[in-house]
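Asker: Quick one: the structure is below, questions incoming.
The values are calculated or read from the model by the stated rules, or taken from the named source; none is laboratory data. Fair warning: this is a prediction, and the values are worked out from it, not measured in the lab. In this analysis, Cβ positions are derived from the backbone assuming ideal geometry, glycine residues included, and neighbour counts consider all displayed protein chains. For accessibility, only protein heavy atoms count, side chains too; no ligands or nucleic acids. Shrake-Rupley method; radii C 1.70, N 1.55, O 1.52, S 1.80 Å.
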Amino acid sequence: MEKSRVWKFGNNVDTDQILPSQYLLLSTIDEMKDYTFETLIPDFAKTAGMGDVIIAGENFGCGSSREQAPRVLKALGIKAVVAASFARIFFRNAINIGLPVIICKDAYKAVSPDDQVLLDLEKGLIRIKDLDLNCTRLPEYMQDILSAGGLLALLN
């Protein structure tokens, strides 16, 4: 397992904060990703790296049910989103496009923005500093979707 850099967000991060609606007019996810979290962290798209992990509080991904929100995170190389809870449609959209979303009630309180974490998706475990936290382990069929790279990839 590789350590991942953490991006820490609070409660009720909505899809308009992940990707403001005016950028939905752009033609591709590759163009849209440059505006990810623009209102919260203006340089997020330039500084987020392959394998980084987002850790958030309650209700991550609330708001409108746009599939582009998890898509831009995946396009930027975000390895997974770990939150105390997710908006249901964001959770399902993320799984369907192959972005791991993990529920871990205690991760938000245990992590600092500059921490690095180890994430074991198969075991449902996150290590923050010297603390091992159990996360909700995704059912096998969801793990199969993620392993395939998304629902469409699994079905093809």
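Asker: What percentages, rounded to whole numbers, describe P(r) for segment 101-156 computed over all alpha carbon pairs with 10 Å bin width beginning at zero?
Answerer: 23, 43, 25, 9, 0
Asker: Right, next: What is the Cα centroid distance between segment 138-156 and segment 22-93, reported in whole angstrom?
Answerer: With segment 138-156 and segment 22-93 each reduced to a Cα centre, they are spaced 19 Å.
Asker: Using the basic label-point model (7 angstrom from Cα toward the beta carbon), what is the M50 to K123 distance in nanometres?
Answerer: Between M50 and K123, the label points sit 2.5 nm apart.
Asker: With +1 assigned to the C-beta of every Lys and Arg and -1 to the C-beta of every Asp and Glu, and no other charges, what is the dipole magnitude of the chain about the Cα centre in debye, to the nearest 20?
Answerer: 200
Asker: Hey, any idea what % of segment 4-156's accessible area is carbon plus sulfur with a 1.4 Å probe?
Answerer: 49
Asker: Oh, and also: On a full-extension model of 0.36 nm per residue, what is the gain between T28 and E67, subtracting their alpha-carbon distance, rounded to one decimal in nm?
Answerer: The T28-E67 span can extend by a further 12.8 nm.
Asker: How would you rank 109-117, 67-75, 96-104, 3-11, highest first, on the average number of other Cβ atoms within 10 Å across their residues?
Answerer: In decreasing order of mean packing, 109-117, 67-75, 96-104, 3-11 become 67-75, 96-104, 3-11, 109-117.
Asker: Taking the chain as a whole, which cysteines find no other cysteine Cβ under 4.7 angstrom from their Cβ?
Answerer: For the chain, the answer is C62, because their Cβ atoms have no other cysteine Cβ under 4.7 Å.
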